[in-house]
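Below is one structure; the comments refer to it alone.
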Amino acid sequence: MTVMLRSLETAVPETLMKQPEVRDAFAAQPELTRLGTRLVNTAFDSSGIDTRYTVVKELTLDTESEHPVFFDRKEMRILTPSTKTRNEVYAEEGSKLFIEAGRKALAAATGIEAADITHVVTVSCTGFFAPGPDYKVVRALGLSPSVQRYHLGFMGCYAAFPALRSAKAFCEADPDAVVLVISAELCSLHVRSSNNPDTVVGSSLFADGAAAAIVTARDLPLDGPALSLDHFETILTPVGEEAMAWNIGDEGFEMVLGTYVPHIIDEHIVDALAPLLAHDETLRGKAYREIEHWGIHPGGRSILDKVEAKLDLTEEQLVPARETLRQFGNMSSATVMFVLKHILELPSSGGNGRICSMAFGPGLTVETALFTKVGA
């Protein structure tokens, strides 16, 4: 039985943040020390990001609010709303992104209707409410009220893979199952000004976006590219628990993204890949660059640099990840889905169509996956 990802669609908010403008706003905060200002300029300028998207319309120089909550444009001040205030925005704006991405994925899945959906798996780590996004999706898309619903919360940047792995398991257990997987993250709700290097790095990277996929083992015709979900593996590195974390504070969620994370990945990525590649005898002993496509979660430019160098990949193999980072920033769990969509939309090269993909998150957790690109 082959379980296929038959459609993959993305959605972002309307408000565009230009990286130089955001950098200047963060660098102008009065509480910054000289070192803090230098850290801001360095982090933003070396991020590999040109643009990001946010649900917070105030976080742009193009909008001025009479009663600012997140950013006072007149004073050029980054404000500190409560966690409650931020979460209320998450519930309203996050629901819109979940629904938009889900609707697009359903419309793009040939031969699949709303009535066919048997499972909904939603993913997010940037807010909480109940009834949650899984409920909102069922109601808004007109799905059956008996649809099985699951929400994977607070796992971080790697969570799209556990969601896809769950979808694969559902389809293997029931060949008629059709699973809608949606990841939506509103990371920009939690940005803050700080002299702390980890916080500064997070502020230079994180953004908002959503991605959704239809997964099924049903024998249906393909009218475009799709992914065979071949294998998944999970590895916890022996170090790194304190290097990447996501905690709830009084003024939003507090992201810890230590500068040592790229070094941890560099030291342990080969061991993390070994269990995944062992599933396929044709890949044993091959150079990593002989696998045609690499779908790497762009946690940051330095992480991509380490992966490319350690695995001796070509610059071209990192283009999907680097372009996703450049255009959209790091949208936590949704980001690797954007990378996979980029790969799906590449013209056929006549290669082997295999995709080795990975994402990194708190723990330090490394999620890996093998896919095969099929169809036109």
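Is there a residue in region 102-113 that is of a type in the set (D, E, K, R) and at pLDDT below 95? There is no residue in region 102-113 that is of a type in the set (D, E, K, R) and at pLDDT below 95. Only a single item in (1) free of Cβ contacts under 8 Å to residues at least 60 places away in the same chain; (2) in contact with a His (Cβ under 9 Å, 6 or more places away or on another chain); (3) surrounded by 16 or more Cβ atoms within 10 Å (Cβ to Cβ) is not met by V178, and it is number (1). For the residues V239, V256, V201, the requirement of being of a type in the set (A, V, I, L, M) and surrounded by 21 or more Cβ atoms within 10 Å (Cβ to Cβ) singles out V201. From the list L283, L304, L311, the one residue that fits, being at pLDDT 95 or above, in contact with a strand residue (DSSP E or B) (Cβ under 9 Å, 6 or more places away or on another chain) and farther than 24 Å from A163 by Cβ, is L311. Condition check for E92 on (1) part of a helix (DSSP H, G or I); (2) in contact (Cβ under 8 Å) with a residue 12 or more places away in the chain; (3) surrounded by fewer than 16 Cβ atoms within 10 Å (Cβ to Cβ): one failure, at (2).
Selection of region 74-86 for residues being under 25 Å from the mean Cα position of the chain (by Cα), free of Cβ contacts under 8 Å to residues at least 60 places away in the same chain and surrounded by 15 or more Cβ atoms within 10 Å (Cβ to Cβ) yields only T85. Being in contact (Cβ under 8 Å) with a residue 24 or more places away in the chain, in a strand (DSSP E or B), buried (at least 20 other Cβ atoms within 10 Å of the Cβ) and among the polar types (S, T, N, Q): is that true of T122 here? Spelling it out, T122 is indeed in contact (Cβ under 8 Å) with a residue 24 or more places away in the chain, in a strand (DSSP E or B), buried (at least 20 other Cβ atoms within 10 Å of the Cβ) and among the polar types (S, T, N, Q).
Annotation note: of R326, R322, R289, the sole residue that is assigned to a helix (DSSP H, G or I), among the charged types (D, E, K, R) and more than 19 Å from the chain's Cα centre (by Cα) is R289.
Within region 141-152, no residue that is touching a residue at least 60 places away in the same chain (Cβ under 8 Å) and farther than 17 Å from S183 by Cα sits with its Cβ atom under 7 Å from a residue that is small (G, A, S) and surrounded by fewer than 16 Cβ atoms within 10 Å (Cβ to Cβ) at 6+ positions apart or across chains.
The values are calculated or read from the model by the stated rules, or taken from the named source; none is laboratory data. Note that this is a predicted model, so its numbers are computed, not measured. Neighbour counts run over all protein chains shown; Cβ positions are idealised from the backbone, glycine included.
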